[in-house]
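Student: I have a structure here, written as structure tokens, and I will follow up with some questions on it.
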Amino acid sequence: MPTNHFAVVVCCLLGSLFGSVSLADAAEVLFERDIQPIFTKNCGKCHSEKVRKGGLNASSMAGLVKGGESGESAIADSVDESMLWLMLDGGGMPPEDQPQLTQQELETIRLWLSQGAKSERPVSIEEEQLSQHDVLPILHLRCVSCHGAQRQDGKLDLRSPESILKGGESGPALIAGKPDESLMIQRVESEACPPHRLLLKFFVRRPPNSELEKLKEWIAAGAPVLDIKPDIATREPDLLVTDEDRQHWAFQPPKAASDKSSVDEFILSKLKENQLTFSPEADRSTLIRRAYIDLIGIPPSVAEWEKWRTSPAADWYPQMIEELLASPHYGERWGRYWLDVAGYADSEGGVSADPIRPVAWKYRDYVVRSFNEDKPYDRFLLEQIAGDELLDAERASVVTEEMVNNLIATGFLRMGIDQTGSRTMNYVPERIGVISDAIQVLGSGVMGLTMGCARCHSHKYDPIPHRDYYRFKAILKGAFDEHDWLSFKNRKLNIATQEHLERIQAVNPQVLKELKSLQNQLKKATAAAQIAVLKSHHPEQSEADRTATLAALRIADNNRTLPQRILVEKLTRADLLPDEEQPESVLAARLKIQQLETEIQLVQSKLVPPATIRALWDRGQPTPTYVLLRGEHNNPGTFVGPGVPSVLTDGQTPFEYAPPFPDGTPKTGQRLAFARWLTQPDHPLTARVMVNRIWYHHFGTGIVESLDNFGKKGERPSHPELLDWLAVEFMDRGWSIKEMHRLIMNSQTYRQASRVTEQHLERDPSNLLLSRMPMRRMNAEALRDSILFISGKLDFSPGGPPDSVSIDRDGLVSANPTSTGGWRRSLYVQYRRTEIPTMMETFDYPEMGPNCVSRTVSIVSPQSLMLMNNSRVYELSQILAKRVRDELPESDKDNLEKQIEHVYELMLSRRPTDQEKQVGIEAIKELQMLSDGETPQPLETYCHTILNSAAFLYID
């Protein structure tokens, strides 16, 4: 059917259905008469001259033709290709919470588009003149690896119009108005640049024809350099974010209620509204165990339990809280929570090799120290976000401990997956991925905002424009510049105090010599073990093939020839056979390896830590930042400057920053300004997010359940006034995290029993009102550490390099024991992304991708199987049973009642009830009757059973 006939039929149908568009009108639907009123009524709130969500002005034909943030016109040649129609017909616009267009209005718009989107007056869109900002992104993407900050081949710098015109050894890079005569064009067209031999070395690709044509077009136009200012916040109203957007509760500064002054007043007020009150206070033993595991991650010793259980002091409980807050183990427990936020790992991830981060542990230890010192949270953030901009360590005459700690702290933004040190994964998209992870850590962990959506388009739910993401990215550009990149291999500093350097010089040379000798022995012992395996299981194999097998093992698996793969496969299959199927020669060779590994670990522990720091630092000369349309690295849009999310400001306040060391090391000061903005007293999110996280770790649920999302799609706070009061108290009390523990843990709310009544089930079934204390399961670290502690095998040695792990032939990953024969706390185990200890992984240790704001709590069968069948867990149960006997007086060693009592004291920090005691006695007697001398001893089995019980696994 011809198009004009089709339009007539559609108009007749519309006229009969709606009676508003006549046949005459249908013949020529005009924007001003028929469409503009629809948009003004339905879309003007968000897309007008004064408000341009997504960068779109729908109040004029010029605005529609220009389009929005994607750079694409809202109107196309056909209806179905028109972005405007795709949004209207697909249900994307208007938003769900706004009045929707009628069917008649939609049909009118569709008809208008089908007729060619006619207007009463011709639309003239002034064509934007090409400028340096159209070509600089191309040069930064394709050329500055050889002609930029780190390297200037031919003495040519292509980072700015001035340096391009200046040229290099061969003269000017361009001749204005003459692209074909310009040296830079000739070099690109002849493929001399980028040089073929350097493409992979510097991770660049040749420019496509579209980029080359743009370069030519700019030169042909005279290489114009226009005075274009970056898009930054000014004192003018923001067109993309409105004051109405800022009315969401989380975007308003917290205000403390004036009629309440304690946690309990807020909680009780809500309880009374629902005809509820507090549950009775938990008994002493329950409170003791609850507080110990909560604050230090391990149960009390029997002596500590007895001390607090029998204390006659009226204020015994606050005294206990103070003692726990002063414990060095407090930082190990609560620092671990922050390491989740940072995404801490001991390896880079991202590639199959998963290389180790040798000194990442320095950041871990910094976090533990900070929590133990109760470092004010505002200072804690300042150091982690901009520690390099606090003191000029580079030009200091004396390096202080504070300078070193400030630089270690910047590891916070370097914990995400980073594959940019590999041979094939260091192109600009991978670099931008690292930056994106850092933004996610800041957004989800510190600000409680989901910002990732805005990387490709304006956030669908929260008022975070596409533009604001790249303003935020610009803040990090001085340190994270995808066009002037330092990979994980070279983003490190060597800095230490003079005292530390002297210790390194005095101790390490001799230790390293000893270590090298042991490593050579280990290398030979490993080869000998492999040969022993081959001789035992493949006696027919020639000596040459065995030698070739060892050589093949030194080649990356994807680079091996087929014969090499076959040889390695033979060895692998034989090596994976269990010990009972291996001859004595193989077992002896493996024992030698284990002995050497233990010796190496012991020698390594003697090393003074190196001066190396895995840091982040501002380098003072960031390349320009552009909005990347649709998030595509090779599709630059508007030139932007640094800035914070507009919705968290009044929209009319510029983001101000200045170099922190005007006469010293060049730095932009942008991250420092951002960190200071974050910790302003009227910041709507920083304090709220942190006190909500503290509350979450005490009660298992945050006041805002979605810890990483305080936006419009996040959960509403269950107690909004309490959240604000805590946030204000947090700041008023010097940003002290320990003060928040005191406020919360000394409250009646926290000290309640966990017993659930019929009234609770009826009026507060999910415990949102906190009508009782929720029962919580130990997380992976607390569970493992508690098992080690009660068995007497927990090594309390703090800090330093992580403890190594080993992988057995069943794939079980286990931490290796220390030189004392025990194991250190889980915090100090090596967490390689591809080698997470099996027990930790089974009990929900998180995958850091890039971080973890709240852990999953699962109850699955592998957890029970791990505790029941794992050989190390059972071995610790045996050690625990021996401890029970050893600690009883000689006269009570065979007294079942005394044994059971001591088991409960050690494992559950309480005495057994009469019923529990009776059940235990009967169980042990029955086990004694069934014992045949080969089965496990009854007390060992009993201890193992209690260890598997809910009473042990859960914190009451």
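Student: Quick check on my filter: what residues within the stretch 262-320 are surrounded by 14 or more Cβ atoms within 10 Å (Cβ to Cβ), β-branched (Val, Ile, Thr) and assigned to a loop (DSSP other than H, G, I, E, B)?
Tutor: Residue satisfying the conditions is Ile298 alone.
Student: Moving on. Restricting attention to the stretch 807-827, does a residue exist that is under 28 Å from Ser436 (Cα atoms), surrounded by 13 or more Cβ atoms within 10 Å (Cβ to Cβ), under 22 Å from the mean Cα position of the chain (by Cα) and not basic (Lys, Arg)? Step through it out loud before you land on a result.
Tutor: Looking only at the stretch 807-827, we keep the residues that are under 28 Å from Ser436 (Cα atoms), and these are 827.
The next check asks that each one be surrounded by 13 or more Cβ atoms within 10 Å (Cβ to Cβ); those that pass are 827.
Okay, now just the ones that are also under 22 Å from the mean Cα position of the chain (by Cα), so 827.
Within this subset, residues satisfying the condition of being not basic (Lys, Arg) are 827.
Yes, because at least one residue in the stretch 807-827 is under 28 Å from Ser436 (Cα atoms), surrounded by 13 or more Cβ atoms within 10 Å (Cβ to Cβ), under 22 Å from the mean Cα position of the chain (by Cα) and not basic (Lys, Arg).
Student: Could you grab me the full set of residues in the stretch 786-820 that are part of a strand (DSSP E or B) and in contact with a helix residue (DSSP H, G or I) (Cβ under 6 Å, 6 or more places away or on another chain)?
Tutor: Going residue by residue through the stretch 786-820, those that are part of a strand (DSSP E or B) are 794-795, 803, 805-807, 813-815.
Hits for the stretch 786-820 are Leu794, Asp803, Val813.
Student: I've got another one for you. If you go through the stretch 713-721 one residue at a time, do you hit one that is in a loop (DSSP other than H, G, I, E, B), under 21 Å from the mean Cα position of the chain (by Cα) and either surrounded by 20 or more Cβ atoms within 10 Å (Cβ to Cβ) or among the aromatic types (Phe, Trp, Tyr) (or both)? Give the derivation first.
Tutor: Quick first cut of the stretch 713-721, residues in a loop (DSSP other than H, G, I, E, B) only: 713-719.
With the extra rule that they be under 21 Å from the mean Cα position of the chain (by Cα), the set shrinks to 713-715.
In the following step, the residues that additionally are either surrounded by 20 or more Cβ atoms within 10 Å (Cβ to Cβ) or among the aromatic types (Phe, Trp, Tyr) (or both) were identified as 714.
Yes, the stretch 713-721 contains at least one residue that is in a loop (DSSP other than H, G, I, E, B), under 21 Å from the mean Cα position of the chain (by Cα) and either surrounded by 20 or more Cβ atoms within 10 Å (Cβ to Cβ) or among the aromatic types (Phe, Trp, Tyr) (or both).
Student: Could I ask something else about it? If you take the residues in the stretch 88-117 that are of a type in the set (D, E, K, R) and surrounded by fewer than 17 Cβ atoms within 10 Å (Cβ to Cβ), which one is farthest from Lys712 (Cα to Cα)?
Tutor: Here is the first cut: in the stretch 88-117, the ones of a type in the set (D, E, K, R) are 89, 96-97, 105, 107, 110.
Imposing the further condition that a residue be surrounded by fewer than 17 Cβ atoms within 10 Å (Cβ to Cβ) reduces the set to 89, 96-97.
On the way: Asp89: 24, Glu96: 13, Asp97: 12 Å.
The residue in question is Asp89.
Student: Anything in the stretch 273-301 that is of a type in the set (S, T, N, Q) and over 30 Å from Leu794 (Cα atoms)? List them, or say none. I'd like the intermediate steps shown before the answer.
Tutor: Going residue by residue through the stretch 273-301, those that are of a type in the set (S, T, N, Q) are 274-275, 277, 279, 285-286, 301.
Of everything in the stretch 273-301, those that are of a type in the set (S, T, N, Q) and over 30 Å from Leu794 (Cα atoms) turn out to be Asn274, Gln275, Thr277, Ser279.
Student: Shifting gears a bit: Is it true that Leu407 is of a type in the set (A, V, I, L, M, F, W, C), in contact with a strand residue (DSSP E or B) (Cβ under 6 Å, 6 or more places away or on another chain), within 26 Å of His483 (Cβ to Cβ) and modelled with pLDDT of 95 or more? Steps first, please.
Tutor: On the way: of a type in the set (A, V, I, L, M, F, W, C): yes; in contact with a strand residue (DSSP E or B) (Cβ under 6 Å, 6 or more places away or on another chain): yes; within 26 Å of His483 (Cβ to Cβ): yes; modelled with pLDDT of 95 or more: yes.
Yes: the conditions hold for Leu407.
Student: In the list Met731, Met773, which residue meets the criterion of being within 27 Å of the chain's Cα centre (by Cα), buried (at least 17 other Cβ atoms within 10 Å of the Cβ) and of a type in the set (A, V, I, L, M)? Break it down into steps so the answer makes sense when it comes.
Tutor: Values: Met773 fails: within 27 Å of the chain's Cα centre (by Cα).
From the options Met731, Met773, the qualifying one is Met731.
Student: Check Thr450, Thr410 and return the single one that is crowded, with 22+ Cβ neighbours inside 10 Å, polar (S, T, N, Q), assigned by TED's automatic domain parsing to the domain that holds Glu383 and touching a Gly at 6+ places or on another chain (Cβ under 9 Å).
Tutor: Values: Thr450 fails: crowded, with 22+ Cβ neighbours inside 10 Å.
The conditions single out Thr410.
Student: With the requirement that a residue be in contact with a helix residue (DSSP H, G or I) (Cβ under 7 Å, 6 or more places away or on another chain), aliphatic (A, V, I, L, M) and over 22 Å from Asp245 (Cα atoms), what does the stretch 46-75 give you?
Tutor: Those that are in contact with a helix residue (DSSP H, G or I) (Cβ under 7 Å, 6 or more places away or on another chain), aliphatic (A, V, I, L, M) and over 22 Å from Asp245 (Cα atoms): Met61, Leu64, Ala74, Ile75.
Every residue, every condition in (1) part of a loop (DSSP other than H, G, I, E, B); (2) assigned by TED's automatic domain parsing to the domain that holds Trp823; (3) surrounded by fewer than 16 Cβ atoms within 10 Å (Cβ to Cβ); (4) within 41 Å of the chain's Cα centre (by Cα), yes or no:
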{"site": "Pro539", "(1), (2), (3), (4)": "yes, no, yes, no"}
{"site": "Ala544", "(1), (2), (3), (4)": "no, no, yes, no"}
{"site": "Pro563", "(1), (2), (3), (4)": "no, no, yes, no"}
{"site": "Glu569", "(1), (2), (3), (4)": "no, no, yes, yes"}
{"site": "Arg590", "(1), (2), (3), (4)": "no, no, no, yes"}
{"site": "Gln601", "(1), (2), (3), (4)": "no, no, no, yes"}
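Student: Okay, next question. Restricting the search to the stretch 937-956, which residues are of a type in the set (Phe, Trp, Tyr) and closer than 16 Å to Glu926 by Cβ?
Tutor: Taking the stretch 937-956 and keeping what is of a type in the set (Phe, Trp, Tyr), we get 942, 952, 954.
Answer for the stretch 937-956, where residues must be of a type in the set (Phe, Trp, Tyr) and closer than 16 Å to Glu926 by Cβ: just Tyr942.
Student: Quick check on Glu236: is it exposed (fewer than 12 other Cβ atoms within 10 Å of the Cβ), at positive phi, assigned to a loop (DSSP other than H, G, I, E, B) and outside the structural domain of Gly643 (by TED's automatic domain parsing)? So that I can check it myself, show each step before the final result.
Tutor: Numbers: exposed (fewer than 12 other Cβ atoms within 10 Å of the Cβ): yes; at positive phi: no; assigned to a loop (DSSP other than H, G, I, E, B): yes; outside the structural domain of Gly643 (by TED's automatic domain parsing): yes.
It is false that Glu236 is exposed (fewer than 12 other Cβ atoms within 10 Å of the Cβ), at positive phi, assigned to a loop (DSSP other than H, G, I, E, B) and outside the structural domain of Gly643 (by TED's automatic domain parsing).
Student: Of everything in the stretch 11-42, what is at pLDDT 85 or above and in a loop (DSSP other than H, G, I, E, B)? Give them in sequence order.
Tutor: Glu28, Val29
Student: Kindly indicate which of Ile296, Ile267 is more than 21 Å from Ile703 (Cα to Cα) and touching a residue at least 12 places away in the same chain (Cβ under 8 Å). Even if it seems obvious, please write down each step before you answer.
Tutor: Numbers: Ile267 fails: more than 21 Å from Ile703 (Cα to Cα).
That would be Ile296, the only listed residue that is more than 21 Å from Ile703 (Cα to Cα) and touching a residue at least 12 places away in the same chain (Cβ under 8 Å).
Student: For the stretch 911-956, enumerate the residues that are aliphatic (A, V, I, L, M) and not in a helix (DSSP H, G or I). Outline the logic, then answer.
Tutor: If we filter the stretch 911-956 for residues that are aliphatic (A, V, I, L, M), which is where we start, we get 919, 921, 923-924, 927, 929-930, 939, 946-947, 950-951, 953, 955.
Once the filter is applied, which keeps residues that are aliphatic (A, V, I, L, M) and not in a helix (DSSP H, G or I), the stretch 911-956 yields only Ile955.
Student: Another question, then. Among the residues of the stretch 845-866, how many are assigned to a loop (DSSP other than H, G, I, E, B) and over 16 Å from the mean Cα position of the chain (by Cα)?
Tutor: Residues meeting the conditions: 4.
Student: Of all residues in the stretch 394-446, which are touching an Asp or Glu at 6+ places or on another chain (Cβ under 8 Å), small (Gly, Ala, Ser) and in a loop (DSSP other than H, G, I, E, B)?
Tutor: Gly416, Gly421
Student: Looking at Trp695, Trp677, can you tell me which residue is outside any loop (DSSP other than H, G, I, E, B), within 30 Å of Gly331 (Cβ to Cβ), in contact with a His (Cβ under 8 Å, 6 or more places away or on another chain) and of a type in the set (A, V, I, L, M, F, W, C)?
Tutor: Values: Trp695 fails: in contact with a His (Cβ under 8 Å, 6 or more places away or on another chain).
Answer to the selection: Trp677.
The values are calculated or read from the model by the stated rules, or taken from the named source; none is laboratory data. These figures come from a predicted structure and were not determined experimentally. For neighbour counting, all protein chains shown are included, and Cβ atoms are generated from backbone atoms with ideal geometry for every residue, glycine included.
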